[in-house]
Ligand SMILES: Nc1ncnc2c1ncn2[C@@H]1O[C@H](COP(=O)(O)OP(=O)(O)OP(=O)(O)O)[C@@H](O)[C@H]1O
Ligand SMILES: [Mg+2]
């Protein structure tokens, strides 16, 4: 059930969806009916009644992946590891070393509404580290090399009418900058956090998001780095009972950006949505990995990442892991990644991994497609008099718009829209 | 008064088995204000003719000409043809994700007219045309053809025809899949464009039903990539009664 599509394959598929798949279990419709009894009938399946397993082809189960806050538990990657095999390790060496900050990124927090506090947390000081669990070498060295984390807290029952903006600026290209931010939303609070990364650094920045019961939290992570910035980061969230979490990652700038966005649940009734948009130009490597850990029953998740690529050696990677554990009955989960390749020389990898350890779920599905412009879309628009260039713009904008609209912060949507226009001009669209 | 002239048109497509000739010498002339119906068996090349007029890149013209008055249509790109006044209502309109109808219609109208339509009158024109075609107002906010039913897609094709005011329209089985009311609504649209803009029409259809609402002056029987016979409206009735046997028999003998 692993799908991978590269640019070379994309030539042949030309905009046709490859790897559309929804797990079908007898008795379960696509809309998702509750399964009284079910037995597996998927490709890779084990066990008897009430069990259905779809395992990733390589790399083993996500459940077996090491997570720790101890540097010694993670060797320096060689590039053969499942989680590193797509990454440009030479360029990432500078952020993988167990090294201290040379020049820190500056953090400016905007929004002084009552109920919002900005404090500091030492290494072992809760709630720091209660949600965050480093899952690779980059995350663990970033975590342990950050002595003082920033703690932005929204008090319980507080509904913020304006987002909390976190302006994060890299101050020195090629200088190591470690950082850790804890975003905490109290019970039944409602908040939007916008982290905007600019400037340049060798940034190793982790984030943990604590979404308490009944809270409604949106985290937007904007990567608007300069061309020479390197950014690795793990952004972990734990979603409380009946809480809502939306994570939107927008990556436009930076030489190498590799972000892990993870979600798990502390109880039931949680809803998580993870969106991503990336636009890679010549020479850029933009890698996004999402992991939804359905570790408890009756939670839902929806993952949608969309990417556009243009220029020589523009490179994107999306790996979407979803693990529905044995205990996670009543899970409803879907993940999708779509890539649009605009020019020759670009390459997109797209790998959804769905593991299901119980058949007693509402639904689970994944889809992945990587393709060039659909000739038929262009023909339709051009047959109405729209010149080719404009028709292409319409199609790309339309393709990416779904994610832009998910941001939900108008001022940010507008500037992202403007950035996308500028990106499109680079390839002459 | 304009003339769309197709002369001895030969068209091939590239298939995995090599090049395949589909149109084998089509000659057809349509003048402003005329309505021509084309009828013919499945696979005879009707949609190929329509797509070739519109300039779909899949269809290669190996010989023959298409001219619009003095202009060589085959020299024009797809968008240039539309701006020159040619319109194709497609047999299978394409869904374009993420592009709203409103945005699409305004962009196309701007391209065709060479200037943006006046905001206030345009919105009114669109609303009015949608009402006449019994298209729900919320379609304007939906993405182009996305999730539209078969019949809805056809109405939206005619909506575009009314708004863009082409000199010539090719309607490829616009009547297929329409319910009885929609058939009347769509036919009214064609007749309006015809009387208001003196539009020339090439109506591809399998059924004489639509010819009760839209009266063609000419009927062409299309068989195996060419026009096998031409006549008046009575030819359609004859086809309805006897089918295509008379035209197919010699080929199969
Ligand atoms: N892209 C293609 N690849 C292979 N064959 C094609 C392609 N397009 C058209 N053809 C073939 O060309 C012939 C003519 O097709 P066309 O669609 O023009 O027929 P039609 O007269 O419109 O039929 P219908 O009444 O069913 O709409 C058919 O045999 C069809 O299979
Ligand atoms: Mg046809």
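The figures follow:
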{"quantity": "Qualifying positions in the stretch B:204-216 - more than 16 Å from ligand 2 (Cβ to nearest atom), in contact (Cβ under 8 Å) with a residue 12 or more places away in the chain and surrounded by fewer than 16 Cβ atoms within 10 Å (Cβ to Cβ)", "calculated": "B:209, B:213, B:215"}
{"quantity": "Failed item in (1) more than 16 Å from ligand 1 (Cβ to nearest atom); (2) within 27 Å of residue B:32 (Cα to Cα); (3) more than 14 Å from every other protein chain (Cβ to nearest Cβ); (4) crowded, with 17+ Cβ neighbours inside 10 Å, with residue B:163 passing the rest", "calculated": "(3)"}
{"quantity": "Failed item in (1) in contact (Cβ under 8 Å) with a residue 12 or more places away in the chain; (2) closer than 30 Å to residue B:8 by Cβ; (3) out of contact with any helix residue (DSSP H, G or I) (no Cβ under 7 Å at 6 or more places or on another chain); (4) within 16 Å of ligand 1 (Cβ to nearest atom), with residue B:153 passing the rest", "calculated": "(2)"}
{"quantity": "Qualifying residue in the stretch B:11-19 (condition: within 23 Å of residue B:228 (Cβ to Cβ), within 16 Å of ligand 2 (Cβ to nearest atom) and crowded, with 21+ Cβ neighbours inside 10 Å)", "calculated": "yes"}
{"quantity": "Matching residues in the stretch B:30-56 - criterion: being within 11 Å of ligand 1 (Cβ to nearest atom) and either at positive phi or part of a loop (DSSP other than H, G, I, E, B) (or both)", "calculated": "B:40, B:41, B:42, B:43, B:44, B:45, B:56"}
{"quantity": "Residues located in the stretch B:166-179, provided they are within 13 Å of chain A (Cβ to nearest Cβ), within 11 Å of the chain's Cα centre (by Cα) and either surrounded by fewer than 22 Cβ atoms within 10 Å (Cβ to Cβ) or within 16 Å of ligand 1 (Cβ to nearest atom) (or both)", "calculated": "B:170, B:172"}
{"quantity": "Residues within the stretch B:94-109 that are closer than 22 Å to residue B:174 by Cα, modelled with pLDDT of 95 or more and facing chain A (nearest Cβ under 7 Å), tallied", "calculated": "1"}
{"quantity": "When residues of the stretch A:349-389 are limited to those that are under 26 Å from residue A:424 (Cα atoms), more than 7 Å from chain B (Cβ to nearest Cβ) and in contact with a helix residue (DSSP H, G or I) (Cβ under 7 Å, 6 or more places away or on another chain), the one surrounded by the most Cβ atoms within 10 Å (Cβ to Cβ)", "calculated": "A:370"}
{"quantity": "Any hit, the stretch B:181-203, residues being away from chain A (no Cβ under 14 Å), surrounded by 22 or more Cβ atoms within 10 Å (Cβ to Cβ) and within 16 Å of ligand 2 (Cβ to nearest atom)", "calculated": "yes"}
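The values are calculated or read from the model by the stated rules, or taken from the named source; none is laboratory data. Treat the numbers as computed from the prediction; the structure is a model and nothing was measured. Cβ sites come from the backbone with ideal geometry, for glycine too, and all protein chains shown count toward neighbours.
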